[in-house]
1. Looking at GLY204, GLY216, GLY228, GLY197, which one is surrounded by fewer than 22 Cβ atoms within 10 Å (Cβ to Cβ), on the phi > 0 side of the Ramachandran plot and within 13 Å of the ligand (Cβ to nearest atom)?
2. Can you find even one residue in segment 166-178 that is outside any loop (DSSP other than H, G, I, E, B), polar (S, T, N, Q) and over 16 Å from ASN129 (Cβ atoms)?
3. Would you please list the contacts, defined by Cβ atoms under 6 Å and residues six or more apart or on different chains, that run from a residue in segment 106-133 that is over 22 Å from ILE219 (Cα atoms) to a residue that is among the small types (Gly, Ala, Ser) and surrounded by fewer than 17 Cβ atoms within 10 Å (Cβ to Cβ)?
4. Out of all the residues in segment 133-151, is one or more under 28 Å from TYR12 (Cβ atoms) and in contact with an Asp or Glu (Cβ under 9 Å, 6 or more places away or on another chain)?
5. Can you tell which of GLY170, GLY143, GLY68 is surrounded by fewer than 18 Cβ atoms within 10 Å (Cβ to Cβ), at negative phi and within 16 Å of the ligand (Cβ to nearest atom)?
6. Inside segment 132-160, can you point out the residues that are touching a Gly at 6+ places or on another chain (Cβ under 8 Å) and either of a type in the set (Ser, Thr, Tyr) or within 19 Å of GLY82 (Cα to Cα) (or both)?
7. How about segment 114-128: which of its residues are at negative phi and either surrounded by fewer than 15 Cβ atoms within 10 Å (Cβ to Cβ) or in contact with a helix residue (DSSP H, G or I) (Cβ under 8 Å, 6 or more places away or on another chain) (or both)?
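The values are calculated or read from the model by the stated rules, or taken from the named source; none is laboratory data. In this text, all values refer to a predicted model and were calculated from it rather than measured experimentally. All Cβ positions, glycine included, derive from the backbone under ideal geometry; neighbour counts span all protein chains shown.
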Amino acid sequence: MTPAGETICERYARVADRIARAAARAGRSAADVLLVAVSKTQPVDRVLEAYEAGARAFGENYVQEAAGKVAALPGAQWHLIGRLQRNKAARAVSLFSWIESVDSARLLEEISRRAEAAGRVVPVLIEVNLAGEGSKAGVAPDGLPALLEAAAALGGVSVRGLMAIPPPSGDAEASRPYFARLRGLLERCSPRGGGRGMAELSMGMSNDFETAIEEGATIVRVGTAIFGSR
Ligand SMILES: *Cc1c(COP(=O)(O)O)cnc(C)c1O
């Protein structure tokens, strides 16, 4: 719940506190969970407000929409969390620290090519479509080993882990089996990660980030609970 009268600062503090308590319940340190404030549709002044409240990592779904915000806050860590078209890969590499939504070998190759041209190695996550939802981005769990093998041969990307969005539900508990499944996939395919260590699990949004942390999330992507409803 995000009462309308609350400021971004108050909401951010509440989310940070809930993260700390969920981590403690799971016997984990809050420092091991990165809060990515999802700022899509939010204007720059509200993004700056979240920065002042303590947010240091931000998530955006679209390259074009992110450009002005990244320019206003170049010191923050920007994560691309939405579907990336290959013809925007160069722009994405120039704007984002992390690309969390990679789901094909062709996209990996294009990001790597653009990253090498820019003299970077881009940390990426592989997005997994856990429930086989036709409309949704993400590689099927079966396709993961081949994708990781392809990535291991590329010099401009470093696969750091997995990302997923469970089927929408009002109930955080409904997401728990999906979060556990993503953790299981990560554990099984880590040795293929290319030596740098696939340790990141990006899972959990406003409705279910505490459950995700209990299941091992290292990155949570939270929009509404910080900025209010879009
Ligand atoms: C919008 C979005 C979020 C944040 O969703 P909230 O429910 O507002 O917290 C997280 N991850 C992805 C990929 C998104 O598109």
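1. Working: GLY204 fails: surrounded by fewer than 22 Cβ atoms within 10 Å (Cβ to Cβ); GLY216 fails: within 13 Å of the ligand (Cβ to nearest atom); GLY197 fails: within 13 Å of the ligand (Cβ to nearest atom).
Residue meeting the stated conditions: GLY228.
2. Going residue by residue through segment 166-178, those that are outside any loop (DSSP other than H, G, I, E, B) are 172-178.
Among the residues that remain, those that are also polar (S, T, N, Q) are: 175.
Then keep just the ones that are over 16 Å from ASN129 (Cβ atoms); that gives none.
Within segment 166-178 (the criterion being outside any loop (DSSP other than H, G, I, E, B), polar (S, T, N, Q) and over 16 Å from ASN129 (Cβ atoms)), the answer is no, since none of the residues qualifies.
3. Pairs found: GLU116/GLY155.
4. Going residue by residue through segment 133-151, those that are under 28 Å from TYR12 (Cβ atoms) are 137.
Checking the rest, the ones that are also in contact with an Asp or Glu (Cβ under 9 Å, 6 or more places away or on another chain) come to 137.
Yes; the residues of segment 133-151 include at least one that is under 28 Å from TYR12 (Cβ atoms) and in contact with an Asp or Glu (Cβ under 9 Å, 6 or more places away or on another chain).
5. On the way: GLY143 fails: within 16 Å of the ligand (Cβ to nearest atom); GLY68 fails: within 16 Å of the ligand (Cβ to nearest atom).
Just a single option satisfies the conditions, and that option is GLY170.
6. Here is the first cut: in segment 132-160, the ones touching a Gly at 6+ places or on another chain (Cβ under 8 Å) are 140, 148, 151-152, 158-160.
Result: ALA140, SER158, VAL159, ARG160.
7. Going through segment 114-128, the residues at negative phi turn out to be 114-118, 120-128.
Listed by number, the residues that qualify are ARG114, ALA115, ALA117, ALA118, ARG120, VAL121, VAL122, VAL124, ILE126, VAL128.
Table: residues versus (1) among the small types (Gly, Ala, Ser); (2) at pLDDT 95 or above.
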| position | (1), (2) |
| --- | --- |
| GLY82 | yes, yes |
| PHE96 | no, yes |
| GLU116 | no, yes |
| GLU133 | no, no |
| LYS136 | no, no |
| ALA164 | yes, yes |
